[in-house]
Each structure stands twice: as structure tokens, then as C-alpha cells.
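Working notes for the structure below.
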Amino acid sequence: MSEAALAQAILAIHLAVIAFNVLGLIAIPLGAALGWRWVRVRWWRLAHLASWAVVALQAALGRACFLTIWQDELTGAATQPLLERWVERAIYWPLPIWMFAAIYLALFALVVAMWWRVPVWRVPGRRGA
């Protein structure tokens, strides 16, 4: 796989993670209000919590996302196709890292708070489920 193709694959994964994180922030409270059972599924909620924990920890440590670093190492903006440059401008904002840390830590706190406001369901008869 070429470096450009690998960089595009990393960008696609990054977009999927962002979509998962953001849509989860919306879906959990909305789903609780509308009675959607899937927003209380433990493995899904744990994946959402873990994903936000990684994002918040990296920002709190003053580090860019590892996906961003990998992509930057593989490609330069000058050689990127127009659509890829547009997507990158949408997800990579020119803000200081401390602002990302504050935003991500606040959103992570929201995800943690949703564990109490919208508790996950335990499966009867399964220990630790």
C-alpha cells in the first residue's frame, strides 16, 4: 500500500472515530428520551467511553491525536486531493492544544456523567455484564 493510500485510510478511520464519538454524544441522551434500547448496551457504551478517554488523555497530555500524527508523517497538505484537504480543514482546527484539552475533557466528563443519567443495562444472570 502506498503512503498516500495509507494516509487516506488513516483519515477514513479518523473520520469514523470522530463520527462515533460525536454521534454517541447525541444518541445516548436522545435515545434515552425516545426509549432506544441500544443506547444502553454495555459493550457499545464502554467502546464510546474508552474512545473518549483516549481522546481526552492525549489532549490533557498536550499531544495531538496519534491518528493525526501518523497521517502527517505519511503525507503533506500540498499533495492532497481537494476533497481530502476539505475534510481535513473540517476536522483539524487551528486552535492551541490547551483549548482542545479543555473541550475534550469536558466532553469526556459528559460521557462519564451519562453513565449515571442513562445507565447501561445489565443482562440478568450474567456476571459483570
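Which number in (1) modelled with pLDDT of 85 or more; (2) within 22 Å of residue 27 (Cα to Cα) marks the one condition that residue 67 misses? It fails just one condition, (2). Screening the candidates 102, 47, 77, 60 for the property of being surrounded by fewer than 17 Cβ atoms within 10 Å (Cβ to Cβ), at pLDDT below 95 and closer than 30 Å to residue 4 by Cβ yields one hit, 77.
When the test is whether a residue is hydroxyl-bearing (Ser, Thr, Tyr) and over 17 Å from residue 108 (Cα atoms), residue 51 does not pass it.
Pairing residues of the range 1-12 that are among the small types (Gly, Ala, Ser) with residues that are in a helix (DSSP H, G or I) and at pLDDT below 85, at Cβ distances under 6 Å and at least 6 apart in sequence or on separate chains, gives 7/71; 7/74.
The values are calculated or read from the model by the stated rules, or taken from the named source; none is laboratory data. Remember, predicted model here, so these are calculated numbers, not experimental data. When we count neighbours, we look across all protein chains shown, and the Cβ atoms used for this are built from the backbone with ideal geometry, even at glycine.
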